[in-house]
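Participant: Questions regarding the structure given below will be posed in turn.
What follows is calculated from the coordinates using simple rules that are stated; it is not laboratory data. This one's a predicted model, so the numbers in the text were calculated from it and none came from an experiment. In this analysis, Cβ positions are derived from the backbone assuming ideal geometry, glycine residues included, and neighbour counts consider all displayed protein chains.
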Amino acid sequence: MLSVNLGWRDVAFADPLERALGVPAVVDHNVRAMALAEARYGDTGGADPLLYVYVRTGVGAGLVIGGQPFRSGAHGVTELGHLRVVERGRPCACGASGCLETVAAEPYLAERARALLGRDSQDPLADLAEAAHGGDGRAAAVLEELVDRLTTGLASAVNLLNPALILLGGAFRTAPEPVFDLVRDALRARAFPVLRDAVQVRRATLGPDAGVVGSAAVALDRLFYDA
Ligand SMILES: [Zn+2]
């Protein structure tokens, strides 16, 4: 398997787990597992296809179609964070530059919040949104730039994959509602007309254990239901 954030390539991750635990192990992408958890157990109204976007250290995505996680090729569609959204942008861990996650993930938001607010922030997205709501024009500009870049990536996903629902998780799961209004408005302006009317954008419905729930669903599918 490959993990850009951990710097791993071609690591047979299930093998040492099976040796250590003495039981069969299956490995899947963390965000794809979260997406499956939302599709199976979340409050999504059965929306299909479902695109789940997770913003933390990076920006990942999982797509569930007809109740099954979409796994194309080696890495599926999980690397939304490596869509190029900035020309001549910052270098990214993947080797390219200007990737979405260099300007939308939490490390970048923490850096911008620290420069703006003069302190470390536990929740930079919420703090930036609160400052913007309180009339801080610089915070509003940072937020606007973030939404612009995020929705540039999301619009590509909408145009190519036509999801019925996009759930934003991770840092966005607890973001103030006005942030979602900004995302919806910006996405409408960027996505293909027919599709933008059909797609909803909401916050993730499951809590921080979505990955654990999704992993259990992946293991059940593989080991018991042979999906
Ligand atoms: Zn990248």
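Participant: Mind listing whichever residues of the range 180-200 are farther than 20 Å from E130 by Cβ and over 17 Å from the mean Cα position of the chain (by Cα)?
Facilitator: R188, A189, R190, A191, F192, P193, V194, L195, R196, D197, A198
Participant: Can you name every residue in the range 47-102 that is farther than 17 Å from A210 by Cβ, within 12 Å of the ligand (Cβ to nearest atom) and part of a loop (DSSP other than H, G, I, E, B)?
Facilitator: Of everything in the range 47-102, those that are farther than 17 Å from A210 by Cβ, within 12 Å of the ligand (Cβ to nearest atom) and part of a loop (DSSP other than H, G, I, E, B) turn out to be E79, L83, V85, V86, G89, R90, C92, A93, C94, G95, A96, G98.
Participant: Let me ask something additional. Restricting attention to the range 134-179, which residues are without any contact (Cβ under 8 Å) to a residue 24 or more places away in the chain and within 17 Å of the chain's Cα centre (by Cα)?
Facilitator: L160
Participant: Whether any residue in the range 210-226 is of a type in the set (D, E, K, R), surrounded by 19 or more Cβ atoms within 10 Å (Cβ to Cβ) and touching a residue at least 60 places away in the same chain (Cβ under 8 Å) is what I want to check.
Facilitator: Within the range 210-226, none of the residues are of a type in the set (D, E, K, R), surrounded by 19 or more Cβ atoms within 10 Å (Cβ to Cβ) and touching a residue at least 60 places away in the same chain (Cβ under 8 Å).
Participant: Looking only at the range 20-44, filter to residues that are assigned to a loop (DSSP other than H, G, I, E, B) and not β-branched (V, I, T); which one of those is farthest from F70 (Cα to Cα)?
Facilitator: Looking at the filtered set, the residue picked out is G22.
Participant: Identify the single condition in (1) in a loop (DSSP other than H, G, I, E, B); (2) away from the ligand (no atom under 16 Å from the Cβ) that R112 does not satisfy, given that it satisfies every other one.
Facilitator: So the condition that R112 fails would be (1).
Participant: Does the range 115-124 contain any residue that is within 16 Å of the ligand (Cβ to nearest atom) and touching a residue at least 40 places away in the same chain (Cβ under 8 Å)? Write out each step before concluding.
Facilitator: Of the range 115-124, the ones within 16 Å of the ligand (Cβ to nearest atom) are none.
The answer is no, given that none of the residues of the range 115-124 is within 16 Å of the ligand (Cβ to nearest atom) and touching a residue at least 40 places away in the same chain (Cβ under 8 Å).
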